[in-house]
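> Here it is: the structure, laid out below.
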Amino acid sequence: MSRRMTLLLALTCAVAVGNIYFPQAIIPLAAAGLHTSPDSASLAVTATQAGYTAGMFLLVPLGDRLPHRSFLVTLLSLTGLGLLAAGCAPTLPLLVAASALIGLTTVAAQVVGPLAAGLVAADSRGTVIGTLLSGSIGGMLLARAFSGSLGEWLGWRVPYLVAAALTLLLAGVLARTVPVTTPSSHQPYPVLLAESLRLLRAEPDLRRSCFYQATVFAGFSAVWTCLALLLTGPVYGMGAQAVGLLALVGGATMLCAPFAGRLVDHHGPDPVNFVCMLTVLASVAVLAAGAWGDVPGLTALIVGTLLLDIAMQSGMVANQARVYALRPDARSRLNTAYMTCAYLGGSAGSWLGVRAYGEAGWWGVCALVALLTVLALARHMVALCSRRPGVTRSQLRTAAEHQPIRPR
């Protein structure tokens, strides 16, 4: 796969992920335009996220059943139509319905990953996964910033219409550039849905990767959910926009993810996972100082969230590289199981984080993240100790690797 194709697929991830997050910045504008309350208008964001979760489970497994090019073009075209409908919606119920369609179909990033993993050699897979993840991170960060500015300038409908034009244009480009691949499975759709659960039971390394990412992502979500409470509370007394500015620090992970991918290619996912878990623990120690307030506390929050973001995203690169190496014929179904577990962990982390903050404040949140990371680290040490004597990591990786999918 050429570097141009890699960058095009990274752009696809950025657009797909950006479609999930950009509505968050324009909800107050949409509420005013539709003459409703912000709480009611936020149903559009909820519908987008719920649709995305459903799309991961219902549509992503089809990546093993359908040719990738036509599947991607169809998903992006449907997303573009949903964005057009949302931008022209005259009432809130129609906006919510269009948002659900957008969320359901904007799962292209989860289809691109297995496609790219099959088009590259095993020794460069981690680098490519890191590049795609950088695209997703960039899409998430930039979509919020640009949609908010564009909405303030030209109205809340314009970000939807611009996103629709960009998505449909990208669909046309992919229709001419993505190689045609042969589907790896011909199983009926109900069997494909059940296969993700079966793979979760049958593949120990899939379960291990899911556990690592679910616990670390839970801690990540707990921190970012409770940061708003800390920064807007009596310790700092800042506005809600401070959280958005702090989130821009995560842009550094766009550069770190490809580097983590190269480390995975050279050393395997296990050492990278180990370093990431230790980095999360280090970030907790730094983040705990955020409870002090003032400039030292804010500095600790900036450094701590940066370490946490880098560790979480780099760990995701390592885990996805391990998952994609398991079964060449079931990468989309493996990714469905993996990402579903990760998002369930993130949802649980947000819920637990709010309760920890209510009981013990910011210290309680940091203690929760440390506990979750220690659980992941303990599971990782058990996995390393259980390796068979005489079998090297390289041999295990080689046995699990497979030939890339060749385009016609």
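> For the condition under 23 Å from Arg176 (Cα atoms) and at pLDDT 90 or above, what is the one hit in Ser77, Ser99? Can you show your working first?
Working: Ser99 fails: under 23 Å from Arg176 (Cα atoms).
None of the other options fit; the residue is Ser77.
> Can you pull out the helices (runs of 4 or more DSSP H) entirely within segment 166-265 that have at least 3 residues that are farther than 23 Å from Gly139 by Cβ?
Values: elements: 189-202, 204-232, 241-247.
Because the criterion is at least 3 residues that are farther than 23 Å from Gly139 by Cβ, the helices (runs of 4 or more DSSP H) in segment 166-265 that meet it are 189-202, 204-232.
> Do you know which of the residues in segment 148-160 that are among the small types (Gly, Ala, Ser) and under 16 Å from Cys88 (Cα atoms) is farthest from the chain's Cα centre (by Cα)?
Here is the first cut: in segment 148-160, the ones among the small types (Gly, Ala, Ser) are 148-149, 151, 155.
From what is left, the residues that are under 16 Å from Cys88 (Cα atoms) are 151, 155.
Numbers: Gly151: 25, Gly155: 28 Å.
In this case the residue turns out to be Gly155.
> Then there is this: So which of Ala100, Ala109, Ala85, Ala116 is without any contact (Cβ under 8 Å) to a residue 24 or more places away in the chain, in a helix (DSSP H, G or I) and small (Gly, Ala, Ser)? Can you show your working first?
Numbers: Ala100 fails: without any contact (Cβ under 8 Å) to a residue 24 or more places away in the chain; Ala109 fails: without any contact (Cβ under 8 Å) to a residue 24 or more places away in the chain; Ala116 fails: without any contact (Cβ under 8 Å) to a residue 24 or more places away in the chain.
None of the others qualify; the one that does is Ala85.
> Just a yes or no: is a residue in segment 315-337 farther than 21 Å from Ala122 by Cα and in a helix (DSSP H, G or I)?
Scanning segment 315-337, I find at least one residue that is farther than 21 Å from Ala122 by Cα and in a helix (DSSP H, G or I), so the answer is yes.
> I would also like to ask the following. Restricting to segment 153-165, what's the tally of residues that are part of a helix (DSSP H, G or I) and either in contact with a helix residue (DSSP H, G or I) (Cβ under 6 Å, 6 or more places away or on another chain) or not aliphatic (A, V, I, L, M) (or both)? Before the answer, list the steps.
In the first step, residues of segment 153-165 are kept if they are part of a helix (DSSP H, G or I); the result is 153-154, 157-165.
Checking the rest, the ones that are also either in contact with a helix residue (DSSP H, G or I) (Cβ under 6 Å, 6 or more places away or on another chain) or not aliphatic (A, V, I, L, M) (or both) come to 153, 157-161, 163-164.
Residues meeting the conditions: 8.
> Determine which member of the set Thr299, Thr279, Thr305 is farther than 15 Å from Leu246 by Cα and either not hydrophobic (A, V, I, L, M, F, W, C) or not assigned by TED's automatic domain parsing to the domain that holds Gly233 (or both).
On the way: Thr299 fails: farther than 15 Å from Leu246 by Cα; Thr305 fails: farther than 15 Å from Leu246 by Cα.
Of the residues listed, the single one that is farther than 15 Å from Leu246 by Cα and either not hydrophobic (A, V, I, L, M, F, W, C) or not assigned by TED's automatic domain parsing to the domain that holds Gly233 (or both) is Thr279.
> A further question follows. Of everything in segment 332-363 that's more than 18 Å from the chain's Cα centre (by Cα) and surrounded by fewer than 18 Cβ atoms within 10 Å (Cβ to Cβ), which residue is nearest to Thr305 (Cα to Cα)? Please lay out each step first, then the result.
Let us first name the residues in segment 332-363 that are more than 18 Å from the chain's Cα centre (by Cα), namely 351-363.
Filter once more, keeping what is surrounded by fewer than 18 Cβ atoms within 10 Å (Cβ to Cβ): 351, 354-355, 358-361, 363.
Values: Trp351: 19, Val354: 17, Arg355: 20, Gly358: 21, Glu359: 22, Ala360: 20, Gly361: 17, Trp363: 15 Å.
It comes out as Trp363.
The values are calculated or read from the model by the stated rules, or taken from the named source; none is laboratory data. Since the structure is predicted, the reported quantities are computational estimates derived from the model, not experimental observations. Backbone-built Cβ (ideal geometry, glycine too); neighbour counts: all protein chains shown.
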